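First comes the structure, then the notes that go with it.
The values are calculated or read from the model by the stated rules, or taken from the named source; none is laboratory data. The structure displayed is predicted, hence computed values, not measured ones. As a convention, Cβ positions derive from the backbone with ideal geometry for all residues, glycine included, and neighbour counts pool all protein chains shown.
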Amino acid sequence: MPVQNAPVLTLTLNPTLDMSSDADHVVAEDKIRCDAPTLDPGGGGINVARAIGILGGQATALVALAGFRGQQVAALLTRENVPHVVVEIPGETRLSLAVGDRAARTQYRFVMPGPLWGADENAACLATIKSHLCAGQFVVLSGSMPPGISDSFIQDCSAFTAEAGAKLVLDTTGGDLLNGNARVTVLRLDKVESEAMAGHPLPSTQDAADFAQGLIARGVAEMVILGRGKDGSVLATKDTAWHGSGPDVTVHSKVGAGDSFLGAFTLALARGDTPKTALAHGVAAASAAVMSAATALCAKRDVDALLPRITVTEI
């Protein structure tokens, strides 16, 4: 197994307790009889750390947790042997409910709001992050931002990361990313986010690559990844862009595909692989994740089987 040369710290500011189940039918106003639920710790950074563990690496998850559901999330992380650091905040960690309709082969996802942050929560979380940074580390800030988070949080976090000699991997929205002041090593956007930022559709991989390299030229990040759903992902650096795609697979649930991609991609970089190779690992993990049911992430056996079938071409 390849050696992980660099440590990884993931940041989850708005985690969830993920509850998933299935029912024969989901019909408005009916009492829906569901299967026994599955509980998982959720939120972008948590899932990235879990995916890294699944794939044979290790990441420490720094998580802002609140209330009884926060205690459940911490217990589930312990059950999965995910090292974690807890920032305790007031309120109650949010709940995310996914219910699959077996007859229609569809899935419904209901996400509750997280606790409201104030100045104290912002300061406590930044201080805890700063105390856990080290040189050479990959720091993955992923997932939605909680209500009340400061407008400067991403810039503050990126400044601390750069000062420590660590590398920031960003997969979230919020803050003024386009001003180029956030020192970001990798920025990942999904198709909706990238087209919203561009202000127009990006129908082709060439369009996506041009937009990504434009972000790099503006100083937004050193590398930009644009997820394109079933069409794979585009990765751009200052000089080159690649398109990574895989074979058609049976889709059971799209939940966790982006987080699985980012976990595999970051782990590959932490092992010293090139960005091109990391892209192949990310695409394989995303494809494996959609093959899994409900809120499950990628399975290592599926990633290993898919990896030789991933195509990475220069754009």
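Residues are listed down the side, and each one gets a yes or a no for (1) at pLDDT 95 or above; (2) closer than 29 Å to P41 by Cα:
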{"residue": "A212", "(1), (2)": "yes, no"}
{"residue": "V224", "(1), (2)": "yes, yes"}
{"residue": "S245", "(1), (2)": "yes, yes"}
{"residue": "K254", "(1), (2)": "no, yes"}
{"residue": "A257", "(1), (2)": "no, yes"}
{"residue": "V283", "(1), (2)": "yes, yes"}
{"residue": "M291", "(1), (2)": "no, yes"}
{"residue": "A294", "(1), (2)": "no, yes"}
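Residues in region 118-139 that are touching a residue at least 60 places away in the same chain (Cβ under 8 Å) and not in a helix (DSSP H, G or I): H132, L133, C134, G136, Q137, F138, V139.
Considering region 228-240, and only residues there that are part of a strand (DSSP E or B) and either among the hydrophobic types (A, V, I, L, M, F, W, C) or at pLDDT below 95 (or both), the residue that is surrounded by the fewest Cβ atoms within 10 Å (Cβ to Cβ) turns out to be A236.
Can you name the residue in region 241-260 that is surrounded by fewer than 22 Cβ atoms within 10 Å (Cβ to Cβ) and polar (S, T, N, Q) and is also nearest to D207 (Cα to Cα) among such residues? Filtering first and then ranking leaves S245. Pairs are defined by a Cβ separation below 7 Å, a sequence spacing of at least 6 or placement on different chains, a first member in region 248-277 that is more than 23 Å from A293 (Cβ to Cβ), and a second member that is of a type in the set (S, T, Y) and part of a helix (DSSP H, G or I); the pairs so defined are A268/T277. Among the candidates V85, V111, the residue that is at pLDDT below 95 and among the β-branched types (V, I, T) is uniquely V111.
For the condition crowded, with 24+ Cβ neighbours inside 10 Å, at pLDDT 95 or above and outside any helix (DSSP H, G or I), G263 does not qualify. If the condition is being exposed (fewer than 13 other Cβ atoms within 10 Å of the Cβ), not aliphatic (A, V, I, L, M) and not in a strand (DSSP E or B), then region 88-112 contributes P90, R102, R105. When region 271-294 is filtered for residues that are surrounded by fewer than 24 Cβ atoms within 10 Å (Cβ to Cβ), among the β-branched types (V, I, T) and touching a strand residue (DSSP E or B) at 6+ places or on another chain (Cβ under 9 Å), only T277 remains.
For region 60-89, the set of residues classified as of a type in the set (A, V, I, L, M, F, W, C), touching a Gly at 6+ places or on another chain (Cβ under 8 Å) and over 23 Å from A123 (Cα atoms) consists of V82 only.
For the criterion of being more than 15 Å from I52 (Cβ to Cβ), modelled with pLDDT under 95, of a type in the set (S, T, N, Q) and more than 19 Å from the chain's Cα centre (by Cα), T250 passes. Consider region 191-227 and keep the residues that are in a loop (DSSP other than H, G, I, E, B) and surrounded by 19 or more Cβ atoms within 10 Å (Cβ to Cβ). The one that is farthest from the chain's Cα centre (by Cα) is L202. Only one of these conditions is not met by S150: (1) assigned to a helix (DSSP H, G or I); (2) without any contact (Cβ under 8 Å) to a residue 60 or more places away in the chain; (3) polar (S, T, N, Q); (4) over 22 Å from A257 (Cβ atoms). Which number is it? So the condition that S150 fails would be (1). Which of the residues belonging to region 136-145 are more than 10 Å from T10 (Cα to Cα) and at pLDDT 95 or above? Passing the criteria: G136, Q137. Here V85 fulfils each of the conditions (1) part of a helix (DSSP H, G or I); (2) surrounded by fewer than 22 Cβ atoms within 10 Å (Cβ to Cβ); (3) in contact (Cβ under 8 Å) with a residue 24 or more places away in the chain apart from (1).
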